[in-house]
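What follows is a short report on a single structure.
The values are calculated or read from the model by the stated rules, or taken from the named source; none is laboratory data. It should be emphasised that the depicted structure is a prediction, and the values quoted were computed from it without experimental measurement. Glycine also receives a Cβ, built like all others from the backbone with ideal geometry; neighbour counts cover every protein chain displayed. With ligands, DNA and RNA removed, areas are computed over all heavy atoms of the protein, side chains included. Shrake-Rupley method; radii C 1.70, N 1.55, O 1.52, S 1.80 Å.
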Amino acid sequence: MKVMKKVLLTALIAATPMMAQVKEKIEVPYIAFPIKMGKGFDVVQANCLMCHSFGYIINQGRQSKKFWEGKVNKMIVHFKAPITDKDKKVIVNYLFKHYGNGKEQ
Amino acid sequence: MKRREFFKTAAVTAGAAALGTTAAEAGVTHQPIDNRKVGNVAFPEKRPLITYSDRPPLLETPREVFTCALTPNDQFFVRWHMPDIPTYIDTDKFTINIKGLVKKELKISLKELKEDYEQVEVAAVLQCGGNSRSAFTPTPGGIQWGSGAMGCAQWKGVRLRDILDRAGLKKGAEWLAVQGREKAAYYETPNFIRELHLDELDDHVIIAYQMNGEDLPYLNGFPVRLIVPGVYSDSWIKMISEITVTDKYQKLFFMDHAYVVPDNECECETPEKLFPKTKPIWRMNVKSIIGYPENGAKLTLKSQAVVRGVAFDGGAGIREVQISLDGGKTWDKAILDSGKLGRYAYRTFRYGFKPKKLGKLQIMAKAINKLGEEQPLAKDIKWNHGGYKYNGIDVVTVEVV
């Protein structure tokens, strides 16, 4: 019984400062996603961070060139990402090099 | 945690997908990814969860939480689509605006919502239509979730029907467009709006301001969100700003393009030949998840072990959960909780046994609902391009030592 009480108490203490945040402005922490550096990264950074974090790229796992090309096209067609044809090529090459599975298709 | 040891060899950087690369073009389905660890950063009002993105926040609940009937608020999954989420809500000024084909437009404050309407409660499962999406190969569009894009809570609020009654519907009113406060970063990106047909509104559909007895956590849609029991979460609009009553369906991106499945009997297709007609996802199918033990756990030979987990469906209610310890050859009934939370909530189940043999042991759980619908084996689920509605029989592999 004693043990139970103690556990409950610590849980309460831990929860209080978190709850208080809603009364104020909340702060969503920044996460440094382990995105790979390399040729074309600057172009990816300039084009892909406007609407979401790099976490979206990493979450997809290793994929084919066709997959990444399709993904960038989806961003342009459905979500209206303003990405030029020239940048698109650089981005797809970067994605395939660092998040590719070696397969074209 | 034991399962971490078990997966020592797997690449487990935050969110890295370990499966989904050996794409058999035919479209195959397997167990979802289950080797991701919680992050080391906690989001507001949350414990550290599996973290896919910070902007917008995407947080998944780890498996071990799926032993309780109500998911604690600080472990409840988080899913937004747009990066621009207000970081402050002035609760004195906040209103829900009801407009369109109504006799009287309403601006309902939180105080009015809590005092001027009948207060109701419902326990219901909130599950992303793409929960377990990582089970599909080739990789469908969207976030590659494990099985933790779901939770169950006791929601408190006001019936949407009562609010619409007070506003009074005009002739021709047929659809509701519900919009939240998340905004796209780029002006041309479609906003996240959900349309509901008025016929789909039953008395269980509420605007909730409370979750498990507390204010909604900010990241779960504070101060109010829509609750549509039995239905996938893309309809449960968070941080509601306005509800517009219309006479026609507007064909919006997130209704008609995202969150759709093939409009055929099996709701399936192949990667080479997508089915031309689609329909929005709606009612959830029957599903169960084992919360304990986890993959890689060690059980002791000939000692008592207990399998625990949760089962749910779209509101028919769970009739039975069965456990198999021999790869699906024989099944044995698990014990269900009393079901007092109602037909939209998790039913917890438990099953005691003594492991008889050393080495690897597969534990499988299968739920059957009151309509007699049961979960298929993972491999028998047919592929769809959005990776929606996966409900394969959950399999956990443990080691008996």
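Would you tell me the mean number of C-beta atoms belonging to other protein chains that fall within 10 Å of each C-beta in B:111-120, as a whole number?
Values: counts 0, 0, 0, 0, 0, 0, 0, 0, 0, 0.
Other-chain Cβ atoms within 10 Å of each residue's Cβ, averaged: 0.
Charges were assigned to the Cβ only: +1 to each Lys and Arg, -1 to each Asp and Glu. The resulting dipole of the protein assembly as shown about its Cα centre is roughly 1480 debye. Rounded to the nearest whole Hz, the Karplus-based 3J(HN,Hα) values (6.51 cos²θ - 1.76 cosθ + 1.60, θ = phi - 60°) of the range B:176-184 follow the sequence 10, 10, 9, 10, x, 9, 6, 10, 5, with x at glycine and proline.
What whole-number value in Å² describes the accessible area per residue of chain B for a 1.4 Å probe?
I get 40 Å² per residue for this part.
Dipole of the range B:3-280, Cα-centred, from +1 at each Lys and Arg C-beta and -1 at each Asp and Glu C-beta, to the nearest 20 debye?
Details: 34 positive and 38 negative charges, 92 e Å.
Taking the Cα centre of the range B:3-280 as origin, the dipole is about 440 debye.
For B:K248, a cut-off of 12 angstrom between C-alpha atoms picks up these aspartates and glutamates, skipping any fewer than 8 places away in its own chain: B:E174, B:E195. Partner aspartates and glutamates whose Cα lies under 19 Å from the Cα of B:K389, excluding those fewer than 8 positions away in the same chain, are identified as B:D34, B:E60, B:D234, B:D256, B:D263, B:E265, B:E267, B:E269, B:D313, B:E373, B:E374, B:D380.
Interface size between chain B and chain A, please: total buried accessible area, 1.4 Å probe, rounded to the nearest 100 Å².
On the way: alone 17800 and 8560 Å², together 22930 Å².
The buried area between B and A, both sides summed, comes to about 3400 Å².
Taking the range B:47-197, how much of its Cα-Cα pair set, in percent, is spaced more than 27 angstrom apart? That fraction is 38 percent. Peptide B:131-139 shows a mean partner chain C-beta count of 2 within 10 Å per residue C-beta. Values of log10 I(q)/I(0) for the range B:3-280 across q = 0.07 Å⁻¹ run -0.28, by the Debye formula with one identical scatterer at each alpha carbon and no solvent.
Within the listed set B:G314, B:G27, B:G359, the residue fluctuating most in the Gaussian network model of chain B (springs between alpha-carbon atoms under 10 angstrom) is B:G359.
Which trypsin sites (Lys or Arg not before Pro) does the range A:25-75 hold that lie in a coil by DSSP with at most 16 other beta carbons within 10 Å? Before the final figure, lay out each step's value.
Details: sites: A:K25, A:K36, A:K39, A:R62, A:K65, A:K66, A:K71, A:K74; in loops: A:K25, A:K36, A:K39, A:R62.
Sparse-neighbourhood loop trypsin sites (Lys or Arg not before Pro): A:K25, A:K36, A:K39.
In plain terms, the chain from B:K279 to B:A26 could stretch by 88.9 nm, reckoned as 0.36 nm per residue minus the Cα-Cα distance. Compute the FRET efficiency between B:E272 and A:N101 as 1/(1 + (r/R0)^6), taking r as their Cβ-Cβ distance and R0 = 25 Å, and round to the nearest 0.05. Computed FRET efficiency for B:E272 and A:N101: 0.85. First measure r as the distance between the Cβ atoms of B:K379 and B:K170, then evaluate 1/(1 + (r/R0)^6) with R0 = 56 Å and state the FRET efficiency to the nearest 0.05. For B:K379 and B:K170, the calculated efficiency is 0.65.
So which GluC sites (Glu not before Pro) in the range B:258-337 end up in coil per DSSP with only 16 or fewer other C-beta atoms within 10 Å? Present the calculation step by step, with values, prior to reporting the outcome.
Details: sites: B:E265, B:E267, B:E269, B:E272, B:E294, B:E320; in loops: B:E265, B:E267, B:E269, B:E272, B:E294.
When the GluC sites (Glu not before Pro) of the range B:258-337 are filtered for loop state and at most 16 Cβ neighbours within 10 Å, B:E265, B:E272 remain.
The HN-Hα couplings worked out from phi for the range B:313-324 by the Karplus form 6.51 cos²θ - 1.76 cosθ + 1.60 (θ = phi - 60°) are 8, x, x, 6, x, 8, 8, 7, 10, 10, 10, 10 Hz, whole numbers, x standing for Gly and Pro. Structure remark: mean-square fluctuation, Gaussian network model of chain B, C-alpha springs under 10 Å; the largest value among B:Q304, B:Q250, B:Q210 belongs to B:Q304. Mean residue ellipticity at 222 nm, helices only, chain B: -1500 deg cm²/dmol; runs of at least 4 DSSP H residues each add -39,500 (n - 2.57), and the sum is divided by the number of residues.
Given R0 = 45 Å, the distance between the Cβ atoms of A:K66 and B:N40 translates into a calculated FRET efficiency of 0.80.
For the pairs B:K279/B:K382; B:K170/B:K279; B:K333/B:K360; A:K39/A:K89; B:K287/B:K360; A:K25/B:K114, note any where the Cα-Cα span goes beyond 18 Å.
B:K170/B:K279; B:K333/B:K360; B:K287/B:K360; A:K25/B:K114
Across peptide A:43-52, the average count of Cβ atoms from other chains found within 10 Å of a residue's Cβ is 3.
Under the convention that each Lys and Arg Cβ holds +1 and each Asp and Glu Cβ holds -1, the size of the dipole of the range B:287-400 around its Cα centre is about 240 debye. A simple count of charges around B:I335, restricted to other residues whose Cβ falls under 12 Å of its Cβ and scoring Lys, Arg +1 and Asp, Glu -1, yields +1.
Each residue of the range B:339-352 is assigned a 3J(HN,Hα), and the resulting list reads x, 6, 6, x, 6, 9, 9, 4, 9, 7, 10, 9, 8, x Hz, derived from the Karplus form 6.51 cos²θ - 1.76 cosθ + 1.60 (θ = phi - 60°), x at Gly and Pro.
Rolling a 1.4 Å probe over the protein heavy atoms of the protein assembly as shown, with every protein chain left in place, gives an accessible area that is 54 percent carbon and sulfur. Scanning chain B for cysteines with no neighbouring cysteine C-beta under 4.7 angstrom from their C-beta gives B:C68, B:C128, B:C152. Annotation note: trypsin sites (Lys or Arg not before Pro) in the range B:277-307 located in DSSP loop regions with a Cβ neighbour count of at most 15 within 10 Å are B:K277, B:K302. Taking the alpha carbon gyration tensor of the protein assembly as shown, multiplying each eigenvalue by 5 and rooting it gives semi-axes of 33, 30, 24 Å, largest first.
Please work out how much length the chain gains when fully extended from B:K340 to B:D247, using 0.36 nm per residue of separation minus the C-alpha to C-alpha distance, in nm with one decimal.
On the way: separation 93, 0.36 × 93 = 33.48 nm, distance 3.89 nm.
Length gained, B:K340 through B:D247: 29.6 nm.
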